[in-house]
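Undergrad: Structure incoming, see below.
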Amino acid sequence: MRRHQKAYPALTMDRVMIELGAHAGGDLEPINFCQASSSFNPFEHVDVSLSRDDLGKVTPYASLNGSLGLRRAICRQYREDFGYDLQPERVCITAGATEALLIAFAMLTEPGGEVLLAASHFPPFRCLAHMFGVQCRFAPVNERHALDVEQLSRLITPRTQAIVINSPSNPHGTALTAAELEAVASLDVPVIFDEVYQALALSDERIASAIAFSDRHLIVNSFSKSLSLAGFRLGYLVVPETQMGLVADVKATTSFSSSAAGQAVCEALLEHRVALLGEHRALLRERWRTFSEAAEALGLSLYPAPQASLYGLVDLAPFQRDSARVAVDLARNWAVGVAPGSDFQTPDPRFLRLNYAAPSSQIEPGLRRIASYLQRH
């Protein structure tokens, strides 16, 4: 009997990571600009220690919705930053933003429906749509490389089950304004607002949040980016009061509970949130300067600086090269990992996404390898 094999959206960046791993122990030291984590270390600034007794308390399963202390700390953050009185019952701690998105899709979508995404978007959005049997419709982006909110309403159909908004966006790092977020929230469709980069502005300007509209919509966030705790796999989902029971039902069948030890550490770090975010943003500004100055010196053209994110985009248009092929060649033959623009948008926008928050010692050597490759090919 022949078995049907379900196709799954293929991402070139996954192949890049495999190719890069093959260089371990080789002549060239692998330089990974593909991985989406910051080299900021919060534990250089805050000492968090767990005693033997502390560890004993976090060995059982954590509460389904997460530690009450951590959820209260998250609510305090929104009260201090945005004057919004969020209640901890509406917060669910998840295994990173990935699980938060998974739960959100499970809550809002059914096979045969549609979700609306920006034409340039975080690839797992369409992977999740595929998993849940949902079609994607793509809204155009404007000259800022941000979703064109004015065009969004024209794409809504009776089959539209959700709109997914990533602000600040991956890969461009462009943020929607408060007015644009309000316009999206006013549409008669549930919205998943993914705000994982909201706290990481490169300037002193505060990035707007959709938290004020969370009584009707969902907010996704993560400590992987803001506090540079990617390995802890901790994120959260904010839901309306009417959906508190549903999110618990879904969470019970995904991970059941997120890392109790990680939640204890994260709660302790959040007591120093303002100072840690200040240090992290300062590091990102310094790395962006290093990255952009090195790129200019090597003749690499960059897209404009992001408003908030970990990524710089190298423009391949002058070289007329396919971004997926360039990314695979760089990983295979030059031991440099980058994410191709074709993973984020169709047709290929011809850029490479690089993580400028990598260790400073890797930035110039990695960019030099990329420049050498492009000049030779």
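The values are calculated or read from the model by the stated rules, or taken from the named source; none is laboratory data. Please read all numbers here as calculations on a predicted model, not as lab measurements. Neighbour counts run over all protein chains shown; Cβ positions are idealised from the backbone, glycine included. Just the protein is used for accessible areas: all its heavy atoms, side chains included, with ligands, DNA and RNA removed. Shrake-Rupley method; radii C 1.70, N 1.55, O 1.52, S 1.80 Å.
Undergrad: Along Cα→Cβ, 7 Å out, is where each label goes; now give me the distance between the ones at residue 372 and residue 39 in nm to one decimal.
TA: 1.9 nm
Undergrad: Give the accessible surface of segment 247-377 per residue, rounded to a whole number of Å², with probe radius 1.4 Å and ligands, DNA and RNA excluded.
TA: For segment 247-377, the per-residue accessible area is 40 Å².
Undergrad: Another question about this same structure. Quick one: among 345, 77, 151, which has the greatest mean-square fluctuation in a GNM of the chain with alpha-carbon springs under 10 angstrom?
TA: 151
Undergrad: In the Gaussian network model of the chain, springs joining C-alpha atoms below 10 Å, which of 126, 79, 52 carries the largest mean-square fluctuation?
TA: The residue that fluctuates most here is 52.
Undergrad: Which one of 48, 64, 35 has its Cα pushed farthest toward the positive end of the charge dipole of segment 25-69, where Lys and Arg give +1 and Asp and Glu give -1 at the Cβ?
TA: The residue sitting farthest along the positive end of the dipole is 64.
Undergrad: Antiparallel versus total DSSP beta bridges in the chain: what percent is that, nearest 5? Spell out each step's value before the answer.
TA: Details: 18 of 35 bridges.
Looking only at bridges with both residues in the chain, the antiparallel portion is about 50 percent.
Undergrad: Take the Cα radius of gyration of segment 86-200 and divide it by 2.2 N^0.38 Å, with N its residue count; two decimals is plenty.
TA: Cα Rg divided by the expected 2.2 N^0.38 Å: 1.02.
Undergrad: Right, another one. Roughly how many nanometres apart are two label points built 7 Å out from the Cα toward the Cβ at residue 151 and residue 131?
TA: 2.8 nm
Undergrad: Where in segment 53-70 does the amide nitrogen come within less than 19 Å of the point 7 Å from the Cα of residue 271, taken along Cα to Cβ?
TA: Inside the label zone: 53-58, 67-70.
Undergrad: Nearest 0.05, what FRET efficiency do residue 204 and residue 50 give at R0 = 25 Å with Cβ-Cβ as r?
TA: E between residue 204 and residue 50, to the nearest 0.05, is 0.10.
Undergrad: A follow-up question, please. When every alpha-carbon pair in segment 178-304 is counted, what percent end up more than 22 Å apart?
TA: 52 percent
Undergrad: In debye, nearest 20: dipole of the chain around its Cα centre with unit charges on the Cβ of K, R (+) and D, E (-)?
TA: 940 debye
Undergrad: Taking the convex hull of the alpha carbon atoms in segment 288-341, what volume per residue do you get, in Å³?
TA: Cα-based convex hull of segment 288-341, divided per residue, equals 94 Å³.
Undergrad: Once a ≥ b ≥ c are taken as the square roots of the eigenvalues of the Cα gyration tensor of segment 219-377, is the result rounded (a/c under 1.5), prolate (a/b larger than b/c) or oblate (a/b not larger than b/c)?
TA: On the way: a/c = 2.59, a/b = 1.77, b/c = 1.46.
Here segment 219-377 falls in the prolate category.
Undergrad: Additional query: To the nearest 20 debye, what is the magnitude of the charge dipole of segment 71-179 about its Cα centre, counting +1 on the Cβ of each Lys and Arg and -1 on the Cβ of each Asp and Glu?
TA: It works out to roughly 120 debye.
Undergrad: Further question: Suppose we keep just the DSSP beta bridges with both residues in segment 142-300; what percent of those would be antiparallel, to 5?
TA: 35 percent
Undergrad: Still on this structure, please answer the following. Would you kindly state how much longer the chain becomes between residue 68 and residue 29 on full extension, computed as 0.36 nm times their sequence separation minus their alpha carbon distance, in nm to one decimal?
TA: Using 0.36 nm per residue and subtracting the Cα-Cα distance, I get 9.7 nm.
Undergrad: Express the Stokes-Einstein translational diffusion coefficient of the chain in µm² s⁻¹, to the nearest whole number, given a Kirkwood radius over alpha-carbon pairs, 25 °C and a viscosity of 0.890 mPa s. Mind dumping the intermediate values first?
TA: Numbers: Rh = 21.6 Å.
After rounding, the answer is 114 µm²/s.
Undergrad: State the dimensionless ratio Rg/Rh of segment 161-224 (Rg: radius of gyration of Cα atoms; Rh: Kirkwood radius).
TA: 0.95
Undergrad: Let me ask something else. How do the peptides 84-93, 177-186 rank, highest first, by the average count of neighbouring beta carbon atoms within 10 Å per residue?
TA: Packing proxy ranking, top to bottom: 84-93, 177-186.
Undergrad: Could you give the distance between the Cα centres of segment 163-197 and segment 254-319, to the whole Å?
TA: Cα centres, segment 163-197 to segment 254-319: 19 Å.
Undergrad: If you take the alpha carbon radius of gyration of segment 125-254 and divide it by 2.2 N^0.38 Å, what ratio comes out, to two decimals?
TA: This ratio for segment 125-254 stands at 1.07.
Undergrad: What number, rounded to the nearest 500 deg cm²/dmol, is the helix-based mean residue ellipticity at 222 nm of the chain, given -39500 (n - 2.57) per DSSP H run of at least four residues and division by all its residues?
TA: Calculated at 222 nm, the ellipticity per residue is -11500 deg cm²/dmol.
Undergrad: Carbon-plus-sulfur fraction of the accessible area of segment 1-149, 1.4 Å probe, in percent?
TA: Here carbon and sulfur together make up 50 percent of the probe-accessible area.
Undergrad: Here's another thing I want to ask about it. Applying a 10 Å radius around every beta-carbon, put 352-359, 293-300 in order of their mean neighbour count, most first. It would help to have the intermediate numbers written out before the result.
TA: Working: 352-359: 24.2, 293-300: 15.5.
Packing order, densest peptide first, comes out as 352-359, 293-300.
Undergrad: Measuring from a point 7 Å past the Cα of residue 242 along Cα-to-C-beta, which residues in segment 188-212 have an amide N at less than 18 Å?
TA: What the label zone holds, given the 18 Å backbone N cut-off, is 188-193, 212.
Undergrad: Sort 163-172, 101-110, 128-137 by the packing proxy (mean of other Cβ within 10 Å over each peptide's residues), most packed first.
TA: 163-172, 101-110, 128-137
Undergrad: Rounded, prolate or oblate, given the Cα gyration tensor of segment 304-377, with a/c below 1.5 counting as rounded?
TA: Here segment 304-377 falls in the oblate category.
Undergrad: I've got another one for you. Considering only 99, 143, 271, give the residue with the highest GNM mean-square fluctuation for the chain, with springs between Cα atoms whenever their separation is below 10 Å.
TA: Taking springs between Cα atoms under 10 Å, the residue moving most is 143.
Undergrad: Would you calculate the separation in nanometres between label points at residue 293 and residue 360, each defined as 7 Å from the Cα along the Cα-to-beta-carbon direction?
TA: Those two pseudo-labels are separated by 1.0 nm.
Undergrad: Can you compute the radius of gyration and Dmax for segment 44-137, using only the Cα atoms, both in Å?
TA: 17.9, 51
Undergrad: Send over a whole-number figure in Å² for the accessible area per residue of segment 1-128, probe 1.4 Å.
TA: Using a 1.4 Å probe on heavy atoms only, each residue of segment 1-128 averages 56 Å².
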